[in-house]
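Colleague: After the structure tokens below, expect a handful of questions from me.
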Amino acid sequence: MKEEVRLNRRDFIGRTTFWAAAASLAAGATQAGNSQINDSTVPPPSRLGVGFLGVGIRGTLLLEASMKVAGVEPVVACDLYTGHLDRAKEVAGSKLEVTGDYQQVLSRKDIDAVVIAAPDHWHKQLVKDALDAGKHVYCEKPLTHRWEDGEDLIKWSKASGLVTQVGSQYMSMPCARKATEMIKSGKLGQITMVEGKIHRNSSTGAWYYPIPPDASPRTVNWKRFIGDSKWYDFDLRRFFQWRLFWDYSGGLPTDLFVHLVTATHQLMGVTAPDQVVSFGDIYRWREYRDVPDQMTALAKYPEGFTLKLTSTANNGHPGPALTFYGTEGTLEYNGGSMTYYYEPRREDFRYPTHSWPTATVDKFKKIMDLNDDLQPLKNPPPATEEPTVFNPGDGTEGSTTAHMRNWYDAIRGEDKAVEPMEIGVNAVNVGHMVNVSFRNNKIVRWNPRTRKVEM
Ligand SMILES: NC(=O)c1ccc[n+]([C@@H]2O[C@H](COP(=O)([O-])OP(=O)(O)OC[C@H]3O[C@@H](n4cnc5c(N)ncnc54)[C@H](O)[C@@H]3O)[C@@H](O)[C@H]2O)c1
């Protein structure tokens with residue numbers, strides 16, 4: 001059910017908020033509709049037994065989204081904090097088994113696929129072990145914690161023959177196809193600039209997530225959380241607020257820019273910038289954090305445009321997540337909705353000829369065949385169009401559920417996974433380049449031949 005409305009530009013500005021974008025981006029699962037087919041002539045879909053590795057904030061949403069897909073049976077959840085396992089049972093019912101050891105999940109015959117929503121520093125190992133155990137894999141963004149790990153993941157995934165999906169739900173946004181077609185059709189003309197932003201202004205937005213009151217060495221498996229990363233003594237802040245530390249997270253560039261980059265790559269049909277430069281700092285949230293609370297980056301693409309990325313934890317002013325600027329129009333894109341602004345090619349000869357004597361202007365008008373407004377008499381530029389709003393409306397299922405459903409369908413051979421490893425690696429690599437530039441205070445380059453980051 002597509003709703004296409006025309007609004008006055010002034011009416012519209014201010015309505016498209018970042019928070020609307022963020023809602024469709026981050027909370028896709030909560031707005032998900034249940035579009036399961038209810039037709040007795042259609043055979044029920046085959047059963048898929050699924051294990052969940054990491055059922056914290058995101059894993060719980062993925063569990064809920066999976067429960068909306070017919071035939072999908074959450075069998076077991078694995079986590080390192082007992083409170084998250086108790087919550088998973090509340091969500092999925094007491095039949096759901098729970099464990100603190102992911103190898104117990106991978107060794108089960110009744111598990112076809114696993115959903116990985118552990119912190120970033122665990123992704124590579126969990127994906128590898130799951131593929132080795134013959135399980136289809138859905139792994140949350142950012143796929144890698146270091147750019148050097150991406151190529152292995154692509155290789156292992158291809159060699160496995162299993163269906164892998166990276167969890168950037170922007171790939172499954174309701175407006176994604178229409179926006180891609182619009183850009184491809186040339187409706188925006190030549191696009192030379194894209195701007196993306198995700199801003200927040202709260203302690204939660206700055207990633208100081210609250211620590212549950214029952215958290216202790218009894219309820220948290222600290223040693224397993226540390227895994228192969230540098231050893232620290234038991235620290236609940238590191239466990240629950242891991243995004244603040246380079247040991248487990250790439251900060252704003254890999255955690256948030258990755259969404260904007262994924263959508264830019266998808267809509268523009270590109271895979272990698274050739275140069276990236278960035279600036280960041282900890283301007284406000286200074287307590288025990290490694291990662292900047294504000295980042296700005298420029299990524300220059302060989303296809304002929306520059307992507308500007310910003311994210312701050314110090315202001316939540318609304319605005320579109322992505323804006324595509326073309327010679328014929330502008331597209332404000334929020335994934336769940338978008339607005340196209342027509343941009344007529346109109347010369348304003350009045351400004352530069354204002355200092356000419358009237359007789360000279362008259363001569364110019366004649367030579368150029370212009371009317372009194374100094375616009376062409378033949379083929380005058382078309383009148384300005386009102387902005388066009390595309391809003392897929394209530395019937396559209398949430399992007400997270402759509403993204404997971406696409407993966408489950410692909411496992412059953414009924415569809416193709418929209419975000420195989422290579423797409424996820426290409427997107428997160430831009431975030432890694434932003435961080436390499438930030439740490440070294442240099443422009444960094446992507447070598448498409450060697451698929452390596454260079455300085
Ligand atoms: N696609 C999105 O919009 C989106 C949104 C939020 C988070 N994420 C991603 O999801 C992942 C998890 O983020 P979160 O916010 O849910 O974090 P979280 O801290 O709330 O949850 C992570 C959970 O993983 C568990 N865990 C850690 N190591 C584990 C291991 N070895 N085996 C099993 N469980 C383990 C922890 O106990 C914790 O409960 C991150 O990679 C994050 O970037 C994606």
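The values are calculated or read from the model by the stated rules, or taken from the named source; none is laboratory data. As the structure is a prediction and not an experimental result, all values here were calculated from the model. Virtual Cβ from ideal backbone geometry, glycine too; neighbours counted across all protein chains shown. Remember, those area values only see protein heavy atoms, side chains included, never the ligands or the DNA or RNA. Shrake-Rupley method; radii C 1.70, N 1.55, O 1.52, S 1.80 Å.
Colleague: Under 24 Å Cα-Cα from K124, which lysines qualify once same-chain neighbours fewer than 8 residues away are excluded?
Modeller: K109, K135, K141, K155, K158, K223, K230, K416, K452
Colleague: Could you calculate, for the chain, the ratio of the Cα radius of gyration to the Kirkwood radius, expressed as Rg to Rh?
Modeller: 1.04
Colleague: Same structure, new question: Along its three principal axes, how long is region 305-455 when you only count alpha carbons? Whole Å, largest extent first please.
Modeller: Each principal axis gives a Cα extent; for region 305-455 these are 73, 47, 38 Å.
Colleague: Could you give the length gained by full extension between R286 and K308, i.e. 0.36 nm per residue of separation minus their alpha carbon distance, to one decimal place?
Modeller: Taking 0.36 nm per residue and subtracting the Cα distance, the gain is 5.4 nm.
Colleague: Compute the signed sum of charges (Lys and Arg +1, Asp and Glu -1) over the other residues within less than 13 Å, Cβ to Cβ, of D372.
Modeller: 0
Colleague: On to the next question. Check the straight Cα-Cα distances from K300 and name the aspartates and glutamates below 19 Å, setting aside those fewer than 8 residues away within the same chain.
Modeller: Correct list for K300: E195, D274, E454.
Colleague: Using helices alone, I'd like the mean residue ellipticity at 222 nm for the chain: each DSSP H run of four-plus residues gives -39500 (n - 2.57), total over residue count, nearest 500.
Modeller: The helix-only estimate for the chain comes to -8500 deg cm²/dmol at 222 nm.
Colleague: Next question. What helices does the chain hold that run 20 Å or longer along their axis, going by alpha-carbon atoms, with a Kyte-Doolittle average of 0.0 or more, using DSSP H for the helix calls?
Modeller: Helix filter hits for the chain: 421-440.
Colleague: Okay, moving on. Given R₀ = 45 Å, what would the calculated FRET efficiency be for K230 paired with Y342, taking r from the Cβ atoms and rounding to 0.05?
Modeller: 0.25
Colleague: Moving on. When the chain is fully extended, how far beyond the present Cα-Cα distance does N379 get from F349, taking 0.36 nm per residue of separation?
Modeller: Net length gain for the segment: 9.2 nm.
Colleague: Follow-up. Calculate the dipole size of region 361-422 relative to its Cα centre from +1 charges on Lys and Arg beta carbons and -1 charges on Asp and Glu beta carbons; express the result in debye to the nearest 20. Present the calculation step by step, with values, prior to reporting the outcome.
Modeller: On the way: 7 positive and 13 negative charges, 77 e Å.
The calculated dipole for region 361-422 is roughly 360 debye.
Colleague: Just tell me the longest site-free run in the chain, where the sites are chymotrypsin sites (Phe, Trp or Tyr not before Pro) in a DSSP loop having at most 14 other beta-carbon atoms within 10 Å. Present the calculation step by step, with values, prior to reporting the outcome.
Modeller: Details: sites that count: W231, Y232, F234, Y283, Y288.
Excluding the exposed sites themselves, the longest stretch runs over 1-230.
Colleague: Based on alpha-carbon positions alone, could you give the equivalent ellipsoid semi-axes of region 170-245 from the gyration tensor, as √(5λ), descending, whole Å?
Modeller: Three semi-axes, in Å: 43, 15, 13.
Colleague: Taking amide H positions as placed 1.01 Å from N in the peptide plane, with prolines and chain starts having none, which residues 5 or more places from M193, or on another chain, fall under 5 Å of its amide H?
Modeller: T306, Y325
Colleague: Please report, as a whole percent, how much of the solvent-accessible surface of the chain comes from carbon and sulfur atoms (probe radius 1.4 Å).
Modeller: Percent of accessible area from carbon and sulfur atoms in the chain: 51.
Colleague: Using the crude model of +1 on Lys and Arg Cβ and -1 on Asp and Glu Cβ, and no other charge, please compute the dipole size for the chain relative to its Cα centre, in debye to 20.
Modeller: 660
Colleague: Considering only DSSP states other than H, G, I, E and B, which trypsin sites (Lys or Arg not before Pro) in region 278-342 qualify as loop sites with at most 12 other Cβ atoms within 10 Å?
Modeller: Sites meeting the loop and neighbour criteria: R286.
Colleague: Working out 0.36 nm times the residue gap between A359 and K223, then minus their Cα-Cα distance, what length gain in nm do you get to one decimal?
Modeller: 40.4 nm
Colleague: Based on the Cβ-Cβ distance of D415 and R237, what FRET efficiency does E = 1/(1 + (r/R0)^6) give at R0 = 45 Å, to the nearest 0.05? Working shown, then result.
Modeller: Numbers: r = 41 Å, r/R0 = 0.92.
Here the calculated transfer efficiency is 0.60.
Colleague: Right, another one. Which distance in nm do the two modelled labels at K184 and K89 give, with both placed 7 Å along the Cα-to-Cβ direction?
Modeller: Inter-label distance under the simple model: 4.9 nm.
Colleague: Moving on to the next point. State the volume of the convex hull built on the alpha-carbon positions of region 50-186, expressed per residue in Å³ and rounded to an integer.
Modeller: 131
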